[in-house]
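To keep things clear, I will list the structure first and then write my remarks on it.
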Amino acid sequence: MKNEIFESLGLSPNEAKMYLSLVESGESSVSDIANGAGIHRRNAYDAIRRLVDKGLCFQIVSTGENLYNAVDPEKLQELLAEKQEKLATWLPELKAKFEHRTASDQIYMYRGLEGQKNIWRDMLRVGEDSYFIGAKGGWQDERLTVARTSFFKEANKKGITFWGLYDHEVLFKPDLLKAFGGKQNIRFLPEGYSALNSGIQIFGDYVITYSGLVLGKMGDNPVFFIMRSKDLAEGYRRWFKYMWNLSASQK
């Protein structure tokens, strides 16, 4: 985990090991740092120079072998802030290119929980109401807690309303409804018409077919089939409204 954090900040494995060794031992020669880090001395010289260039350690000039020491770990926060600032500067251009090349009609697929996070990002970008047929409370999956909390916070700011046609079985699982984090209108499909392990969501020009759902969870390997089409989405919304008018309100 530590190595992954250092790598995300732009440090090589050797740089990460040497910085940790310096943090733990204090003033040290390159030889001692290399031994503490468990890397070859020949590689240590290049790594220590890069650490100095990145402002993570500094050289102490002495009459004997030069010594080095680590800079306060708060410096890592500065490295992260610099990366975020660079990304924020570049992001508008990147998004403009993304939107320009995106086709008006598309079909593609996501797998796993990261797919749900991608869909939430699209929902926030589109900023329109969401309609769900065969809802099962899958968004309440505890593995999505952090991402879900962040999503609903932004969705509420944008005034997104969620319209959910839930499976009949959810009537007996009220906690799944109470845990929902956004403004939601709820009705239920008639008994015997539950959508088994699937569901359909519509927002903006998107129609998402969910597969692998279970009550209150996303399942072990959820699959999301995405269709992006203005005409298809409008058609699905009309069918949703017809089903909505025929379904029971929340008790």
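Read-outs throughout are calculated quantities, based only on the coordinates presented, and are distinct from any laboratory measurement. A quick note: this is a predicted structure, and the numbers were derived from the prediction, not measured. All Cβ positions, even for glycine, are placed from backbone atoms using ideal geometry, and neighbour counts span all protein chains on display.
Return the only residue of LEU189, LEU196, LEU176 being surrounded by fewer than 17 Cβ atoms within 10 Å (Cβ to Cβ) and of a type in the set (A, V, I, L, M, F, W, C).
Among LEU189, LEU196, LEU176, only LEU196 is surrounded by fewer than 17 Cβ atoms within 10 Å (Cβ to Cβ) and of a type in the set (A, V, I, L, M, F, W, C).
Quick check on this structure: which one of ARG50, ARG42 is out of contact with any Ser or Thr (no Cβ under 7 Å at 6 or more places or on another chain), touching a residue at least 12 places away in the same chain (Cβ under 8 Å), basic (Lys, Arg) and not in a loop (DSSP other than H, G, I, E, B)?
Working: ARG42 fails: touching a residue at least 12 places away in the same chain (Cβ under 8 Å).
So the residue among ARG50, ARG42 that is out of contact with any Ser or Thr (no Cβ under 7 Å at 6 or more places or on another chain), touching a residue at least 12 places away in the same chain (Cβ under 8 Å), basic (Lys, Arg) and not in a loop (DSSP other than H, G, I, E, B) is ARG50.
Please go through (1) in contact with a strand residue (DSSP E or B) (Cβ under 9 Å, 6 or more places away or on another chain); (2) under 22 Å from ASP122 (Cα atoms); (3) polar (S, T, N, Q) for THR149 and return the number of the only condition it doesn't satisfy.
Failing condition for THR149: (1).
So in the stretch 53-91, with the set limited to residues that are of a type in the set (S, T, N, Q) and part of a helix (DSSP H, G or I), which one is nearest to SER21 (Cα to Cα)?
GLN77
If you go through the stretch 22-34 one residue at a time, do you hit one that is in contact with a Cys (Cβ under 7 Å, 6 or more places away or on another chain) and outside any strand (DSSP E or B)?
Within the stretch 22-34, one or more residues are in contact with a Cys (Cβ under 7 Å, 6 or more places away or on another chain) and outside any strand (DSSP E or B).
Scan the stretch 212-228 for residues that are under 21 Å from PHE180 (Cα atoms) and either among the β-branched types (Val, Ile, Thr) or touching a Phe, Trp or Tyr at 6+ places or on another chain (Cβ under 7 Å) (or both) and jot them down.
VAL214, PRO222, PHE224
If LYS183 satisfies every condition in (1) at positive phi; (2) surrounded by fewer than 16 Cβ atoms within 10 Å (Cβ to Cβ) but one, which is the exception?
It fails just one condition, (1).
Only one residue in LEU232, LEU165, LEU171, LEU196 is more than 18 Å from ASP122 (Cα to Cα) and part of a helix (DSSP H, G or I), so which one is that?
Answer to the check: LEU171.
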